[in-house]
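For reference, the structure is listed below as structure tokens.
The values are calculated or read from the model by the stated rules, or taken from the named source; none is laboratory data. The shown structure was predicted, so the numbers you read here are calculated from the model rather than taken from an experiment. For neighbour counting, all protein chains shown are included, and Cβ atoms are generated from backbone atoms with ideal geometry for every residue, glycine included.
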């Protein structure tokens, strides 16, 4: 397969090599993941694994929890076996590996978005408190997280050469166009039927907000990781990441963001209602 994608086929392949230990914990083996990510040489793949270990450590996560060096026996013919080194990987480790892989490989480029979204989904699924939140509270939680990450994105964009407010508006528009199939900020604003002073992020449901959160976090990471320099390259990077998130949503069978319903209440209305409720309780 010359142009691999982590779509339905690759997701099936990835799930196909997933293993579970006696306690039910999922894991992957590096030697099985390598060919799936188009790495024919084990030594080359080990370099990527080492970069991923470093990234894990720099993120403040215990490396041993995600990368476990193991040895296993393999058949070499005539009933003989020999031991080979391998690495037991968590889902997060797989995510870090594709983040540090060769972006010129189509499967790596697609995998960077796929694993980011899948890892985030797993985090949310594991978070019982988040799962129990109402749609309004989920919107508030993701909107607040997005506000924080947008500040990080703005800083990364500035380092790349997006200097003025106008430059940043153009930069953001490229991200929206990638994610929304060519629709820019003004198009999305009009599609939602909003007033001039209303912000589109305050009129998105939790699913749409989550897609934009992926766009923001992955663009920031890519700008920094690839050391992107120049407004044009930064704009193209934002567009490409947005388009990749859109592609991944399609591959996972999700609804395109522009087709998601606009909530009846804004983030400000939810916050106001919560404040009133809080005052009544006092």
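Observations on the structure shown:
- For the stretch 166-196, filtering for residues that are assigned to a helix (DSSP H, G or I) and more than 18 Å from residue 236 (Cβ to Cβ) leaves 6.
- Of the criteria (1) more than 14 Å from residue 262 (Cα to Cα); (2) in a helix (DSSP H, G or I), which one residue 163 fails: (2)
- Of the residues making up the stretch 243-268, those that are farther than 22 Å from residue 140 by Cα and outside any helix (DSSP H, G or I) number 2.
- For the stretch 219-251, a residue qualifies if it is out of contact with any helix residue (DSSP H, G or I) (no Cβ under 8 Å at 6 or more places or on another chain) and under 24 Å from residue 55 (Cα atoms), and exactly one does: 227.
- Selection count, the stretch 241-258, where residues are at pLDDT 95 or above and surrounded by fewer than 16 Cβ atoms within 10 Å (Cβ to Cβ): 1
- Flag for residue 45 being touching a strand residue (DSSP E or B) at 6+ places or on another chain (Cβ under 7 Å), surrounded by 18 or more Cβ atoms within 10 Å (Cβ to Cβ) and modelled with pLDDT of 90 or more: no
- The stretch 54-81, residues that are modelled with pLDDT under 90, in a loop (DSSP other than H, G, I, E, B) and closer than 30 Å to residue 225 by Cα: 59, 60, 61
- Pairs where the first residue, in the stretch 261-282, is at positive phi and surrounded by 10 or more Cβ atoms within 10 Å (Cβ to Cβ) and the second is at pLDDT 90 or above and outside any helix (DSSP H, G or I), C-beta under 7 Å, 6+ apart: none
- Single match in 179, 194 (criterion: in the same structural domain as residue 258 (by TED's automatic domain parsing), surrounded by 17 or more Cβ atoms within 10 Å (Cβ to Cβ), in contact with a helix residue (DSSP H, G or I) (Cβ under 9 Å, 6 or more places away or on another chain) and under 16 Å from residue 257 (Cβ atoms)): 179
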